[in-house]
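Chemist: One structure, pasted below without further comment.
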Amino acid sequence: VVKSFEMEIIPAERIVAQIGDTLILTCNTTGCASPSFSWRTHLDNPLGGKVSNHRTYSTLTMNPVSIVNSHSYLCSVICDGKERKEKHVKVELYSFHSDPIIEISPSLVAGEPATVICKIPDVYPSNHLEVLLKKDEHVLHEKDFSEDDSTNTETKIVTYTFHPLAEDIGKEIACVARLPIADMDFEPKERTSSQKLNANFGPENTVIIASPGNSPMEGNSLNLTCVTQSNPVAQIVWSKYLAEESIQHLIKNNVLSIPHVHFNDSGLYICEVINLVTNKTEKATVDITIQGAPVITKLSIEPSATVQEGENVSIQCSAESNPPPKVILRRKSDNADMGPYSARSILLPSVMFQHGGNYECVAENKFGKSKSEITLTVKCGPKNTKITVTPSAALKEGETVTMTCTSSGNPAPVISWKKKKATGESEKISKNATLTIQNLKTEDLGLYECEAYNQFGKEEKAVKLYVQGLLEEPDQMIPFIIAFSAVAAVAVPAAAILIYVSRQAKINGSYSLVKALRLKV
């Protein structure tokens, strides 16, 4: 069976192609041994492609497809030089290659104007283009290009200005481009691009949170947290007001932590928040008051804790607490009738030896009290030197007499005993405070001197031992020994003493000078 001559174009009648792609039109024949092919466009415009003839078919390749290919193409076939047939196909073009491009300023500031730019590259035909700008699901702006008369691919741009808010951070700005062309079958007809919104703002609503509170107890921990709203994250600087309106800079951190607070940590703290992008600054303050039992911060003696008698001395006590403490500075011992002092300081002009001792500072408030002691040492030469003679009654030869020398001073005086010789010279006889003479003899009579000595001076006292007779018979005297004591610095004529003793002996028959004069100095 001989087939009749037939032809066809693939694709038939109508083809939708995207500019930039490759399009091949094929003209096929059957029932013809030697077909002759030719291609042309409507109105004989340039083909805009390459023709390739084969034995039974011919192809027209457009690579790439461009705007000049928007025509009806006619394929003509002559079979064996006799029979001619023609068919045509219409090529319809579009361009919608890529997703929109969104441009948003990277340094948006909340509340200030911001511009969103959406670019739809190489679109055709643009008079069908529709563009929506959305914030999440909320439509910000719509634009269509139905009035556009572009005859080639173009990049279309949509620009919109809005005022971002702080709550817009993280929301998506989307550009939705649509190219709905009736009776044109291509995908996709909608393209979308989105970008998260990052609006810079703040700082604002800055506050300080004090934990456990604004009035912690002394010794406890304190955390001050600076809370603010800012994008990007703000830089935080802590400082504290000092006296005379000066400021002490502390740390750069959102949390200021003090593990163990002291009273001097009380004060006004400042949190300064700086956004380096928005170039804005905000401050917050908190007044911290440390409470607790008193702490004695100073207990001192000026010019020194060890002084010489006669110097001017000041004893000072300072304490701190909240509420303010009641401070009492007093001497612990009330020797020499010193008594307590209800004050923060004691002034001792021309200090005396008896002012020495322990001084106590007591600070008290409702949370408790604190005590501290300090010792004042007063250096001085010997004083109040005394000689005690025992027994104090008349002594008989052969008995034992004990003379004891005592003296005050700081450092403790060194005591020694001397005895006056007949030549008037003094002879050291003992380095002990107590001098004991046993089996008392006539040669033990005389003037005994006690010397108290330290590096600040010396003091002397004296006692004199005499022999006194008791007249029972005119030619016989029973010796008795009496003791007389006197301060070496006081001159008492010996003759007057002897006259006095003689008279009393005649009256009483015997006399104890020790008892009469109470030999204690």
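The values are calculated or read from the model by the stated rules, or taken from the named source; none is laboratory data. Keep in mind the model is a prediction, meaning the values are calculated, not measured. When we count neighbours, we look across all protein chains shown, and the Cβ atoms used for this are built from the backbone with ideal geometry, even at glycine. When the accessible area is computed, the model is the full protein with side chains, heavy atoms only, and any ligands, DNA or RNA have been set aside. Shrake-Rupley method; radii C 1.70, N 1.55, O 1.52, S 1.80 Å.
Chemist: For region 144-183, what are the residues that are basic (Lys, Arg) and either in the same structural domain as Ser66 (by the TED database) or under 18 Å from Ile104 (Cα atoms) (or both)? Don't jump to the end; show me each part of the working.
Modeler: At the first step, the residues of region 144-183 found to be basic (Lys, Arg) are 156, 171, 178.
Across region 144-183, the qualifying residues are Lys156, Lys171.
Chemist: Taking region 185-209 as the search range and keeping residues that are more than 24 Å from the chain's Cα centre (by Cα) and acidic (Asp, Glu), which one is farthest from Ile120 (Cα to Cα)? Break it down into steps so the answer makes sense when it comes.
Modeler: Of region 185-209, the ones more than 24 Å from the chain's Cα centre (by Cα) are 185-202.
Now drop any that are not acidic (Asp, Glu), which leaves 185, 187, 190.
Working: Asp185: 20, Glu187: 16, Glu190: 11 Å.
Residue satisfying both the conditions and the ranking: Asp185.
Chemist: Restricted to region 359-381, and to residues that are in a strand (DSSP E or B) and among the hydrophobic types (A, V, I, L, M, F, W, C), which residue is most open to solvent (accessible area, probe 1.4 Å)? Walk me through it before giving the result.
Modeler: So in region 359-381, the residues in a strand (DSSP E or B) come out as 359-365, 368-381.
Narrowing further to those that are among the hydrophobic types (A, V, I, L, M, F, W, C): 361-363, 374, 376, 378, 380.
Working: Cys361: 0, Val362: 14, Ala363: 0, Ile374: 33, Leu376: 4, Val378: 4, Cys380: 4 Å².
Top of the filtered list is Ile374.
Chemist: On the given criteria, is Thr30 of a type in the set (Val, Ile, Thr) and under 30 Å from Phe186 (Cα atoms)?
Modeler: Numbers: of a type in the set (Val, Ile, Thr): yes; under 30 Å from Phe186 (Cα atoms): no.
It is false that Thr30 is of a type in the set (Val, Ile, Thr) and under 30 Å from Phe186 (Cα atoms).
Chemist: While we're on this one: Do we have any residue at all in region 74-89 that's touching a strand residue (DSSP E or B) at 6+ places or on another chain (Cβ under 8 Å), open to solvent by 20 Å² or more (accessible area, probe 1.4 Å) and over 30 Å from Ser4 (Cβ atoms)?
Modeler: Within region 74-89 (the criterion being touching a strand residue (DSSP E or B) at 6+ places or on another chain (Cβ under 8 Å), open to solvent by 20 Å² or more (accessible area, probe 1.4 Å) and over 30 Å from Ser4 (Cβ atoms)), the answer is no, since none of the residues qualifies.
Chemist: For the list (1) buried (at least 17 other Cβ atoms within 10 Å of the Cβ); (2) in a loop (DSSP other than H, G, I, E, B); (3) in contact with a Pro (Cβ under 7 Å, 6 or more places away or on another chain), I need the number of the one condition that Ser98 fails.
Modeler: Checking Ser98 against (1) buried (at least 17 other Cβ atoms within 10 Å of the Cβ); (2) in a loop (DSSP other than H, G, I, E, B); (3) in contact with a Pro (Cβ under 7 Å, 6 or more places away or on another chain), the one that fails is (1).
Chemist: So, Ile315, is that one in contact (Cβ under 8 Å) with a residue 24 or more places away in the chain, in contact with a Phe, Trp or Tyr (Cβ under 6 Å, 6 or more places away or on another chain), β-branched (Val, Ile, Thr) and surrounded by 14 or more Cβ atoms within 10 Å (Cβ to Cβ) or not? Reasoning before the result, please.
Modeler: Details: in contact (Cβ under 8 Å) with a residue 24 or more places away in the chain: yes; in contact with a Phe, Trp or Tyr (Cβ under 6 Å, 6 or more places away or on another chain): yes; β-branched (Val, Ile, Thr): yes; surrounded by 14 or more Cβ atoms within 10 Å (Cβ to Cβ): yes.
So Ile315 passes the test.
Chemist: Are any residues in region 215-257 open to solvent by 60 Å² or more (accessible area, probe 1.4 Å) and basic (Lys, Arg), and if so, which ones?
Modeler: Across region 215-257, the qualifying residue is only Lys252.
Conditions tested, residue by residue: (1) within 18 Å of Asp136 (Cβ to Cβ); (2) touching a Leu at 6+ places or on another chain (Cβ under 7 Å); (3) outside any strand (DSSP E or B); (4) at pLDDT below 90.
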| position | (1), (2), (3), (4) |
| --- | --- |
| Thr159 | no, no, no, no |
| Ala174 | yes, no, no, no |
| Met184 | no, no, yes, yes |
| Glu187 | no, no, yes, no |
| Phe201 | no, no, no, yes |
| Glu204 | no, no, no, no |
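Chemist: Here's a follow-up. Restricting the first residue to region 115-138 and requiring it to be at positive phi, which pairs with a second residue that is outside any strand (DSSP E or B) and of a type in the set (Lys, Arg) meet a Cβ separation below 8 Å and a spacing of at least six or different chains?
Modeler: Pairs found: Asp136/Lys171.
Chemist: Can you tell me which residue is least open to solvent (accessible area, probe 1.4 Å) among those in region 186-214 that are free of Cβ contacts under 8 Å to residues at least 24 places away in the same chain and not assigned by the TED database to the domain that holds Ala234? It would help to see each step written out before you state the result.
Modeler: Restricting attention to region 186-214, the residues satisfying the condition of being free of Cβ contacts under 8 Å to residues at least 24 places away in the same chain are 187, 190, 209, 211-213.
Cutting the leftovers down to not assigned by the TED database to the domain that holds Ala234 gives us 187, 190.
On the way: Glu187: 147, Glu190: 93 Å².
Among those that are free of Cβ contacts under 8 Å to residues at least 24 places away in the same chain and not assigned by the TED database to the domain that holds Ala234, it is Glu190.
Chemist: Something else: Just to check your reading of the model, which residue among Val16, Val51, Val65 is touching a Phe, Trp or Tyr at 6+ places or on another chain (Cβ under 6 Å) and either without any contact (Cβ under 8 Å) to a residue 12 or more places away in the chain or open to solvent by less than 40 Å² (accessible area, probe 1.4 Å) (or both)? I'd like the intermediate steps shown before the answer.
Modeler: Working: Val51 fails: either without any contact (Cβ under 8 Å) to a residue 12 or more places away in the chain or open to solvent by less than 40 Å² (accessible area, probe 1.4 Å) (or both); Val65 fails: touching a Phe, Trp or Tyr at 6+ places or on another chain (Cβ under 6 Å).
Step by step, each of Val16, Val51, Val65 is checked, and only Val16 is touching a Phe, Trp or Tyr at 6+ places or on another chain (Cβ under 6 Å) and either without any contact (Cβ under 8 Å) to a residue 12 or more places away in the chain or open to solvent by less than 40 Å² (accessible area, probe 1.4 Å) (or both).
Chemist: Answer yes if at least one residue in region 382-403 is in a strand (DSSP E or B), in contact with a Pro (Cβ under 8 Å, 6 or more places away or on another chain), under 30 Å from Glu302 (Cβ atoms) and of a type in the set (Lys, Arg), and no otherwise.
Modeler: Scanning region 382-403 turns up no residue that is in a strand (DSSP E or B), in contact with a Pro (Cβ under 8 Å, 6 or more places away or on another chain), under 30 Å from Glu302 (Cβ atoms) and of a type in the set (Lys, Arg).
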